[in-house]
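One structure is given here, and the rest of the page talks about it.
The values are calculated or read from the model by the stated rules, or taken from the named source; none is laboratory data. This structure is a prediction, so every number in the text was calculated from the model and none was measured. Cβ sites come from the backbone with ideal geometry, for glycine too, and all protein chains shown count toward neighbours.
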Amino acid sequence: MSVFRFRAQCRTRRGRLIPLAVWLLCAATAHARQTQCNQVHETPSCDDAICSALVCEYKPACCADTWDSACVAYANSVCSGCGVNQRSCREIHWDVSGCGNTECCNLVCAIDPFCCQVEWDFSCVVYAGACPAPPPLECGAAGTESCNAPHDSPSCSNADCCEQVCSYGELSYCCSEGWDDFCVQAANWYCPDQCATICPLQADLETEFCSENTNDPGFRSESVGTPQALTTVDMVCGTVQVTGTASETDVDVYALNLTNEDTDGDGLVKVRMTFLSGSPMFVSLVPPAVNVAGLASAHLTVNSDHCGESTQWSCVAPGLYWVVVAPGTDGTIDDATEIDCGGHLRNYHLTVEHAAVCGTPCGASSESCFQVHEGISCSDPACCAIVCGTRPLCCDLGWDTGCAEIAIDVCTLPLAANDVCGDATPMTDDITAFELLTATADSLACSCAVSVTPIGQDVWFAWQPTDNGVYQVSTCGTDFDTRLQVFSGACHALSPIACSDNSSACSPPQASVTKPTVRGGYVYLIRVSAVGDQRGIGQLSITPVLTTPACRADVDGSGEVDFGDIAFALLDFGPCEGCAGDLDNSGSIDFGDTAVMLLEFGQCPQ
């Protein structure tokens, strides 16, 4: 054993050094018996002194009595090395190094020592693919292992489930090469009676060992210790065990401190719990020091069974709470239905989150579920509930792009309010959001059709500029292909004055930019359309480029620009800095000013 490996493994997973005396004891007993750490045996300790020390620090009986299945299960969780744990060589595991197939493990670590010194990462799994394949085994044959735990041998012990998984072409390797995490997940999906949870890599682990009652004071007379502390946003994997005897039923208790989490001062904190288990279990949020009877009146209870993930939330007063995980349903503990320790030592995982914003948000907002907005939730309660169930922050922090995209995919979309010209949405020189999701397509052709692709759905806006001059009208920032048109006149008599298809001024260039010259006070109609069958959400912006106040050319104050104003200009023709007729501020009245008068010729807007 290298010095590096000794240093890496002479600590618990939490980084605490193993007492030297414990390590020496393990080394002596293991050397005398030469028994494998990943196999059950009647004698104490196992043949890897470091692994023995790690396991026996938490469960001393493993080095004093027998090395039972619980000792093997814990070795899988904390021990590193070839043939020391039962982890599959074809499975990534970053918490320990090495794998269960000694021959393959030695081959991989000869190529890349990192795999036996630090962690079994993706590269190690790739190298393991070159290992000789184990002999093929028939589904359900003697010697096959559980369908709900990864192993290097092919097939698994439940014949029907095994055959169902391997009948899918992409998973046929599960019955010829090895049963990896993908095979396990397929078994969970196709064979619900074979469900097993797989602990996410980012999760913390319950510190209580399976079959022990050290973190549930008050629930069992022999229980000792204190609840394990949770952070306010935490995922933890744990284990409960039921042997059919009430006094031996394992209940897990976690401490949750919400004392300082009411940052918005409304006297409430939202708590969300997401729970997944392989057997019938529940998790309840209760006041501290509650007894078994108190579970039935918990603030919040979430049930799970057969890897069915469930999420519930509730608003509670800030303070201290217990989070209790137990076998059974709806706060009633089941002491009869047997539950074993589960694969990888964990048979449930739980995520606890909190947010200061509380209340019943869905339906309280007036904002569309299909458009981004700063507030939480949206106006359609049913759609809001679906979105927030998928992406909780939509009802906690704000309705971002991800929330709107989920709503577009899963909810019934209403017809766009400005689908037709007669219902054009009023806007000013500003930025306005638009959606091309459920609009219909007008028959009006595009006046600058540079592509053979026809126009798809479109929406309309009514714009009344304040000043005369040139403005930029743009859909830049929109990530799907748009076309843009600006019209003067009424809907029944539209006259195109500017249009745009793709513009290199935008990124991506499928968006559109045009710069029409308009008169202040007059209403113009803007049509934003998608190309083909594209759809999405975007923004329409209008910004002034070169403008002058509307009706500035009415120098005689008659209420309209007419020949009287042109006559005034001709009388003052020549250098005349600051004169009313110097409309272009050139320092003189010239043909440029008379051109402006002719451009604005007519009645001034009211």
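The table that follows gives values for the structure above.
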item: Counted residues, the stretch 359-385 - those being surrounded by 19 or more Cβ atoms within 10 Å (Cβ to Cβ) and out of contact with any Asp or Glu (no Cβ under 9 Å at 6 or more places or on another chain); result: 4
item: Given (1) touching a Phe, Trp or Tyr at 6+ places or on another chain (Cβ under 7 Å); (2) over 28 Å from D400 (Cα atoms); (3) part of a strand (DSSP E or B), number of the condition E435 does not satisfy; result: (2)
item: The lone exception for V40 - which of (1) surrounded by fewer than 24 Cβ atoms within 10 Å (Cβ to Cβ); (2) farther than 28 Å from V108 by Cα; (3) modelled with pLDDT of 75 or more it fails; result: (2)
item: Boolean, A289 is modelled with pLDDT under 90, among the hydrophobic types (A, V, I, L, M, F, W, C), loosely packed, with under 15 Cβ neighbours inside 10 Å and not in a loop (DSSP other than H, G, I, E, B); result: no
item: Any hit, the stretch 530-542, residues being over 23 Å from C446 (Cβ atoms) and acidic (D, E); result: no
item: Candidates T259, T337, T329, T263 - the one that is touching a Phe, Trp or Tyr at 6+ places or on another chain (Cβ under 9 Å), surrounded by fewer than 19 Cβ atoms within 10 Å (Cβ to Cβ) and among the β-branched types (V, I, T); result: T329
item: Selected residue (only one of C131, C71, C37, C89 is under 39 Å from the mean Cα position of the chain (by Cα), over 30 Å from S172 (Cα atoms), outside any helix (DSSP H, G or I) and not basic (K, R)); result: C37
item: Selection within the stretch 147-173 - surrounded by fewer than 21 Cβ atoms within 10 Å (Cβ to Cβ) and within 33 Å of the chain's Cα centre (by Cα); result: Q164, S167, Y168, G169, E170, L171, S172, Y173
item: Failed item in (1) within 25 Å of F461 (Cα to Cα); (2) surrounded by fewer than 18 Cβ atoms within 10 Å (Cβ to Cβ); (3) touching a residue at least 24 places away in the same chain (Cβ under 8 Å), with S504 passing the rest; result: (3)
item: Any hit, the stretch 298-314, residues being over 30 Å from T432 (Cβ atoms), of a type in the set (S, T, Y) and modelled with pLDDT of 90 or more; result: yes
